[in-house]
Structures are given as C-alpha cells and as structure tokens.
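Structure record follows, encoded as structure tokens.
The values are calculated or read from the model by the stated rules, or taken from the named source; none is laboratory data. Remember, it's a predicted structure, so these values are computed and weren't measured experimentally. Glycine gets a Cβ as well: all are built from the backbone with ideal geometry, and neighbour counts include every protein chain shown.
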Amino acid sequence: MSKINPLQAAALKTPVKKITATKPPVVKTQAAKAVTTGSTIKKVTTTNPIKTPSLAKNSPTKIAPNKVVKVKIAKPVKEKMPKLKMERDSFTMPKIEYAQFSVLKERLIKLGQPAKKSELLRAGIMQLTAMTDAALKAAMSKVPTIKTGRPKKK
C-alpha cells in the first residue's frame with residue numbers, strides 16, 4: 001500500500017462542496033416573424049436565452065437578438081515539399097514477369113490499396129534497397145539475365 005503525505009491526508013478529510021451551474025433564464029422577445037407555409041401564415045416568436053442590452057437610438061451599431069456570428073478558423077499551414085525531379089526510362093522484361101503487374105494490381109485492389117505500375121516498381125526498389133548484401137545477392141541470383149534492347153522486327 002502506498003503512503004500519502006500529510007497534505008494529501010488533509011485533502012481527503014475535507015468535505016466536498018457541490019457546485020451547481022444555473023441556467024440563464026429564457027426571455028421571450030417581443031419581435032415576431034411571419035412565416036408562410038402553403039396558404040396559411042403563422043406567427044412565430046423567437047426566444048433568446050441571454051438578455052440583450054437595449055442600445056440608444058443614435059448608436060451606430062445595433063445587435064440583432066438572434067444573429068449568427070461566423071468565425072473564420074485559420075487552416076494549418078502546409079509545409080511545401082520540394083518538387084521531386086522525375087526520370088523517365090524504358091526497360092525490357094519477359095511477358096511472364098510483365099503479367100505479374102496485373103496480378104499484383106488486382107491483389108492490391110482487393111486489399112483496398114490500388115497502385116500503378118510505377119508504384120509497384122518503386123516499392124520493389126525500396127525492398128531491394130532495404131536488403132542486406134547477402135540477401136540482395138541471393139535475390140539477384142534468381143533473376144535470369146536477358147538480352148537488352150528492342151526485339152528485331154520480322
């Protein structure tokens with residue numbers, strides 16, 4: 001069991017006072033509005049929970065009893081990231097491996113994360129970069145070397 005200091009013990013012995021909040025009285029204003037619904041006219045009285053002070057006739061500003069005040073909230077400033085320069089390139093790969101793009105894209109759609117071919121390639125590069133030297137060498141040994149360039153037309 002933990003020990004308490006004398007100040008905490010005194011605080012525990014003192015009685016707790018209940019504080020109740022009182023609501024401001026609802027004051028009905030004399031202003032009435034005519035509301036039309038279809039062919040009938042209804043008289044609607046507005047209520048104001050806080051009594052508004054009456055202003056002098058010559059005062060330049062008047063307060064409406066039920067006026068809505070709009071407050072603009074400042075949006076957080078987004079930090080501008082420097083624009084990345086893009087690099088375009090072309091490559092050659094076997095049709096069987098190229099077909100894996102569509103298989104992976106379908107899997108990602110089912111997972112709720114659709115992706116483009118370039119995103120898949122970038123994800124693969126990130127995975128290769130994160131590998132240790134031994135794991136990278138083992139993965140690259142599984143990839144067969146192909147002849148680069150465009151195929152000859154027949």
Name, by its number, the condition in (1) more than 30 Å from LYS142 (Cβ to Cβ); (2) at pLDDT 85 or above that does not hold for VAL77.
-> (2)
Taking LEU111 as the residue in question, decide whether it is more than 30 Å from THR148 (Cα to Cα), of a type in the set (A, V, I, L, M, F, W, C) and modelled with pLDDT of 75 or more.
-> yes
Could you run through the stretch 84-104 and say how many residues are of a type in the set (Ser, Thr, Tyr) and either touching a residue at least 12 places away in the same chain (Cβ under 8 Å) or under 11 Å from LEU121 (Cβ atoms) (or both)?
-> 1
Before we move on, is LEU136 within 23 Å of PHE91 (Cα to Cα), within 27 Å of the chain's Cα centre (by Cα) and among the aliphatic types (A, V, I, L, M)?
-> no
Out of (1) modelled with pLDDT of 70 or more; (2) outside any loop (DSSP other than H, G, I, E, B); (3) surrounded by 10 or more Cβ atoms within 10 Å (Cβ to Cβ), the one THR45 does not meet is (1)
